[in-house]
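Written out below as structure tokens is the structure these notes cover.
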Amino acid sequence: MRRLHTGVDPAVPKPRRGATRAAARVPDARAPRREPPSAGGRVTTATRRARTLVVVGHGMTGHRLVDGVRKRDTLGQWRVVVLAEERHPAYDRVGLSSYLAGKSRADLTLAGPEHLADPRLTLRLGCPAVAVDRARRSVRTADGDTVRYDALVLATGSRPFVPPVPGRDLDGCFVYRTLDDLDLIRGAARPGRSAVVVGGGLLGLEAAEALRLLGMRPHVVEAAPHLMPAQLDAGAAEILRRHADGLGMTPHCGTSLASVDARPDGRVGSVTLTDGTVLRARLVVFAAGIRPRDELAATLGLPLGERGGLLVDAHCRTSDERVWAVGECAAVNGRCHGLLAPGNRMADLVAERLTGGTPPPFDDTETGTTLKLLGVRVATFGSGRPAAGERVVEVAFTEGTDRYAKVFLHPDSGVLLGGILAGGTGSRATLAPLVGRPAPSDLEQLLLPEIPSDPSDPSDPSDPSGRSRPSSGR
């Protein structure tokens, strides 16, 4: 494996001697210095007084990076050019289902007027990058332009994974990733009809909720034994399943999609699962995970992680000192992160490095998250999964309370390693900072407040609050 660069950042400009904040002048990014045109089209270069940062991708992580550079670059050291594949400025992908509930594109946009009016920022929509020439420090776009860079950040995100099953490309099959995808789904949806979502993880449950908002009856197919297997264990997932049932969704866990079957007119009519179940369906939405968008890596000639993604060090930099990657396309120390929170941390780190700061390296042990799905709050912290030999302290609650908590301790030292919460997540704020330290003696009491006192609940006659007793074990 090639050694990743860990030295001084040559791409980070140094403030000019004698420069002060009051005297700093922001160069006009709309008046670039002219260069002779290249064979591939016109050339855009940095102004004389600022270096050019090219950001490929304008999703939530790319936008956060650009915004971070804008706010930190008080001396106008950087001119930022964003090459965005989509025709729309960055928007809140976490709120996609709210788009179907009535919010507009404008409601979800993240790039406000202050971004679009910033003379240091050039936002090129519908202009994806197709190749990078590291020797010339240039990016070629789909329309034939060449953009020179002093620093390059890839924030290309990920693409939906569509399992290679027969019928996956029938009319009526969709992916759930962008606002354009949702427009297509909305156009095909019919209230009262059945739909199938392939994938019972975070994205799949969001897609199922979107279909429910459109009046459809969604079936959710998940190959794992329970919903959200990447974040939750069976106990926490059971609370989620009960809520899904109550909303008119039907989970099918422990089985996979075998085929999408057509009606006589060639459109989707049903799906067949590997356990033999046949489900009628007006449409099928694939939300069975994501894969990093690392296609540009072939033109970069830089190494990838074992499971894809551009390999970067703990500072999110590749083995080329001028090239960085953040978000779902980045394999930090070989590992890709598919959630927004790690992507935000990467974006903040790189923005600070590019503007002369020295932030601490990315900590990939900070894997916890807090989510709200189908009206249920779920959270993980620390490891989020017990390893072999770890002691488990579980607080199991009576059916109907919809509260669940489990924490993991080192079997010898009693150090708190992580945990899972569902239904009530208030104790996460207390417990997460304690990861790596000996667990407090009142650990179970820290978890018990998640249950509201209800003397009318006779689930445990010995406990007038209605709580079941916590159970500890291995």
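Please treat every number below as a calculation from the coordinates, not as lab data. Here the structure is a predicted model, which means the values were calculated and not measured. Backbone-built Cβ (ideal geometry, glycine too); neighbour counts: all protein chains shown.
Listed values, structure above:
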read-out: Neighbour-count ranking [beta-carbon atoms within 10 angstrom, fewest first] of Glu328, Glu238, Glu295; value: Glu295, Glu238, Glu328
read-out: About the Cα centre, charge dipole magnitude for the range 161-288 (Lys/Arg +1, Asp/Glu -1 at Cβ), debye; value: 400
read-out: Distance (nanometres) between label positions extended 7 Å along Cα→Cβ at Glu295 and Leu116; value: 2.7
read-out: Cα point-scatterer Debye curve for the range 43-198, base-10 log of I(q)/I(0) at q = 0.10, 0.15, 0.16, 0.19 Å⁻¹; value: -0.45, -0.87, -0.94, -1.18
read-out: Footprinting exposure proxy for Phe286, Phe161 (fewest neighbouring C-beta atoms within 10 Å first); value: Phe161, Phe286
read-out: FRET efficiency for Leu125 and Leu213, using Cβ-Cβ distance with R0 set to 22 Å, rounded to 0.05; value: 0.20
read-out: 13 Å beta-carbon shell around Gly254, net charge (K/R +1, D/E -1); value: -1
read-out: Mean-position separation - Cα centroids, the range 198-215 and the range 50-106, in angstrom; value: 26
read-out: Distance in nm between pseudo-label sites at Asp92 and Asp245 (7 Å out along the Cβ direction from Cα); value: 3.2
read-out: Distance (nanometres) between label positions extended 7 Å along Cα→Cβ at Arg134 and Thr274; value: 3.8
read-out: Integer Hz, Karplus 6.51/-1.76/1.60 couplings in order for the range 352-362, x for Gly and Pro; value: 5, 5, 5, 9, x, x, 10, x, x, x, 5
read-out: Cα lying deepest toward the dipole's positive end in the range 113-174, options Phe174, Leu125, Ala135, charges on Cβ; value: Ala135
read-out: Fewest-first sequence of His410, His226, His219 by Cβ atoms within 10 Å of each Cβ; value: His410, His226, His219
read-out: Gyration tensor verdict on the range 161-288 (Cα atoms; rounded if a/c is under 1.5, prolate if a/b is larger than b/c, oblate otherwise); value: prolate
